[in-house]
Amino acid sequence: MTGERSRLDALPPLREVVAGFGVEAKKSLGQNFLFDLNLTRRIARAADPSSAGVIVEVGPGPGGLTRALLAEGAPRVVAIERDTRCLPALREIADACPGRLEIVEGDALAVPLDRLAGDARPLRVCANLPYNVGTQLLAGWIEAQAWPPAFDRLILMFQREVAERIVATPARRADYGRLGVLCNWRCETKILFEVSRAAFTPPPKVTSAVVELRPRAAPLPCDARRLARVTQAAFGQRRKMLRQSLRALGAGEATGALIAAAGLDPTARAEEIPVEGFVALARALEAIETA
Ligand code: SAM
């Protein structure tokens, strides 16, 4: 890999690549590029790429993080990108590391991770996600029916406000919501570090943060879709008491029984209920609906 490392180092600077291939950042694709090699290396190292079987990168863009993942020893990277303007730049990186970078042109929302990555394991995801579809991608990976999932770790960059929602518990009420319940139900989550807006081209409006999610081996059992429904109802009217907000589930007179079966206080509000409480509600809902 030493020869490949020097071929990677010899690639033109990313600013030149972007200018040369005419890849001006498009807002509609959530494009904020990283050109700082120290930073891309830091993000790549957080994924410990040399210990992965395959790394999936969503949205490689011109390939700053892709280069770093390969330089840090990823045996194989599968990078899925929607923007065809980025493909020539990515092909140059693939040529520098024969057989280690597979470029997939397409929409990451439409392709499951295991289909992208094949059978190699451990499968890890490392990405500076497009802000416009980042949470949708994350929710899709976590709501997947099969658990444990195909991935052993997600290392993802989000806007800091989204990162704080991902790791939030009832102790941080303002940030706690559906996303936090979903993520912490099935994963251990933490913010690894923040990234200044100045690190991006063009700079976004807000600070970003890199988040790590590690799947729990045995999350509390419940149906992901019902968990989504109860959190949607409860946080849809987060200032209202559960006995009121959960009426949106359509259980009518049984709403009180549902809350009682979950062992919750009907006067509590969504932001006070820990993940276990929402799991209990989802299970109580299942009991009512399948009775
Ligand atoms: N990884 C690069 C970096 O760090 O400089 C680019 C990150 S930029 C925030 C997000 C990238 O995701 C863009 O290259 C964009 O074209 C791509 N993208 C946006 N939506 C996508 C989708 N649905 N599927 C795959 N890639 C997508």
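The values are calculated or read from the model by the stated rules, or taken from the named source; none is laboratory data. Treat the numbers as computed from the prediction; the structure is a model and nothing was measured. Cβ coordinates were reconstructed from backbone atoms using ideal geometry, including for glycine residues, and neighbour counts include every protein chain displayed. What goes into the accessible areas is simple: the full protein's heavy atoms, side chains included, and nothing from ligands, DNA or RNA. Shrake-Rupley method; radii C 1.70, N 1.55, O 1.52, S 1.80 Å.
Key figures
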{"item": "Contacts under 6 angstrom Cβ, first residue in segment 16-32 being of a type in the set (A, V, I, L, M, F, W, C), partner away from the ligand (no atom under 12 Å from the Cβ), 6 or more apart", "result": "21/88"}
{"item": "Hits in segment 154-196 (condition: among the charged types (D, E, K, R) and either under 15 Å from residue 129 (Cα atoms) or open to solvent by 40 Å² or more (accessible area, probe 1.4 Å) (or both))", "result": "160, 161, 164, 165, 172, 173, 178, 188, 190, 194"}
{"item": "Residue 209 touching a Phe, Trp or Tyr at 6+ places or on another chain (Cβ under 7 Å) and within 23 Å of residue 245 (Cβ to Cβ)", "result": "no"}
{"item": "Cβ-Cβ under 9 Å pairs, at least 6 apart or on other chains, segment 170-193 side of a type in the set (S, T, N, Q), far side open to solvent by 30 Å² or more (accessible area, probe 1.4 Å) and in a helix (DSSP H, G or I)", "result": "184/167; 189/167"}
{"item": "When residues of segment 243-291 are limited to those that are more than 24 Å from residue 169 (Cα to Cα) and of a type in the set (A, V, I, L, M), the one surrounded by the fewest Cβ atoms within 10 Å (Cβ to Cβ)", "result": "291"}
{"item": "Selection within segment 72-100 - closer than 15 Å to residue 59 by Cα and more than 21 Å from the chain's Cα centre (by Cα)", "result": "84, 85, 86, 87, 88, 89, 90, 91, 93"}
{"item": "Residues of segment 69-86 satisfying the condition of being near the ligand (Cβ under 9 Å from one of its atoms) and hydrophobic (A, V, I, L, M, F, W, C)", "result": "79, 80, 86"}
{"item": "Set 146, 108, 127, 139: member being in contact (Cβ under 8 Å) with a residue 40 or more places away in the chain and over 17 Å from residue 30 (Cα atoms)", "result": "139"}
{"item": "Number of positions in segment 237-261 that are more than 16 Å from residue 277 (Cα to Cα) and of a type in the set (S, T, N, Q)", "result": "2"}
{"item": "Matching residues, segment 170-205, being within 17 Å of the chain's Cα centre (by Cα), of a type in the set (S, T, N, Q) and part of a strand (DSSP E or B)", "result": "189"}
{"item": "For residue 119: the one exception among (1) more than 16 Å from the chain's Cα centre (by Cα); (2) modelled with pLDDT of 95 or more", "result": "(2)"}
{"item": "Some residue of segment 110-128 being assigned by TED's automatic domain parsing to the domain that holds residue 53, under 27 Å from residue 270 (Cα atoms) and touching a strand residue (DSSP E or B) at 6+ places or on another chain (Cβ under 7 Å)", "result": "no"}
